[in-house]
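> Quick one: this structure, given as structure tokens, is what I'll be asking you about.
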Amino acid sequence: MHEISQKLYKAVVLVCENRRDDGRKSCGVTEPGLRIAIKEAMKSAGLSVRVLSTSCMDHCKDGPTVSFMPMDVMFGDVHIDDVPELVTKMNVYLSS
Ligand code: FES
């Protein structure tokens, strides 16, 4: 194993896309398409961020969930209508 320098992006956005078919709440079922909407909006805003799909982040009842790293901040009940606000928040974090 060896370390790889991660200098390509200033931040990573984790979007829970966990899907359960047993009736329990899961982010990927509640708001499909959220990750793609965030990815396109961040790219359009020219932000140096990587938007990745993740599985359950253990906040299912608050989902759909999105996390900004390394800011270590999480957002719950995120819907596609919230994407512009996420872009604004990311801009603030990256400029501070
Ligand atoms: S299913 Fe998304 S946080 Fe658990």
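Quick note: the coordinates plus some simple rules give every number you see, no bench work behind them. These numbers were taken from a predicted model, which means no experiment stands behind them. Glycine gets a Cβ as well: all are built from the backbone with ideal geometry, and neighbour counts include every protein chain shown.
> Condition first: free of Cβ contacts under 8 Å to residues at least 60 places away in the same chain, among the basic types (Lys, Arg) and in a loop (DSSP other than H, G, I, E, B). Now tell me which residues in segment 1-35 satisfy that.
If the condition is that a residue be free of Cβ contacts under 8 Å to residues at least 60 places away in the same chain, among the basic types (Lys, Arg) and in a loop (DSSP other than H, G, I, E, B), then Lys7, Arg19, Arg20, Arg24, Lys25 are the ones that fit.
> Would you confirm, using the coordinates I've provided, whether Met90 is outside any helix (DSSP H, G or I), in contact with a Leu (Cβ under 8 Å, 6 or more places away or on another chain) and crowded, with 16+ Cβ neighbours inside 10 Å? It would help to see each step written out before you state the result.
On the way: outside any helix (DSSP H, G or I): no; in contact with a Leu (Cβ under 8 Å, 6 or more places away or on another chain): yes; crowded, with 16+ Cβ neighbours inside 10 Å: yes.
Criteria not met by Met90.
> Is it true that some residue in segment 61-70 is within 12 Å of the ligand (Cβ to nearest atom), surrounded by fewer than 17 Cβ atoms within 10 Å (Cβ to Cβ) and of a type outside the set (Gly, Ala, Ser)? Working first, answer last.
First, pick out the residues of segment 61-70 that are within 12 Å of the ligand (Cβ to nearest atom): 61-67.
Still in the running and surrounded by fewer than 17 Cβ atoms within 10 Å (Cβ to Cβ): 61-62.
With of a type outside the set (Gly, Ala, Ser) added as a condition, the list becomes 61-62.
Yes: segment 61-70 contains one or more residues that are within 12 Å of the ligand (Cβ to nearest atom), surrounded by fewer than 17 Cβ atoms within 10 Å (Cβ to Cβ) and of a type outside the set (Gly, Ala, Ser).
> For segment 19-60, which residues satisfy the criterion of being within 14 Å of the chain's Cα centre (by Cα), within 12 Å of the ligand (Cβ to nearest atom) and among the β-branched types (Val, Ile, Thr)?
Thr54
> Of the residues that make up segment 14-37, is at least one crowded, with 16+ Cβ neighbours inside 10 Å and within 15 Å of Leu94 (Cβ to Cβ)?
First, pick out the residues of segment 14-37 that are crowded, with 16+ Cβ neighbours inside 10 Å: 14-18, 26-31, 34-35, 37.
Now narrow it down to the ones that are within 15 Å of Leu94 (Cβ to Cβ): none.
Within segment 14-37, none of the residues are crowded, with 16+ Cβ neighbours inside 10 Å and within 15 Å of Leu94 (Cβ to Cβ).
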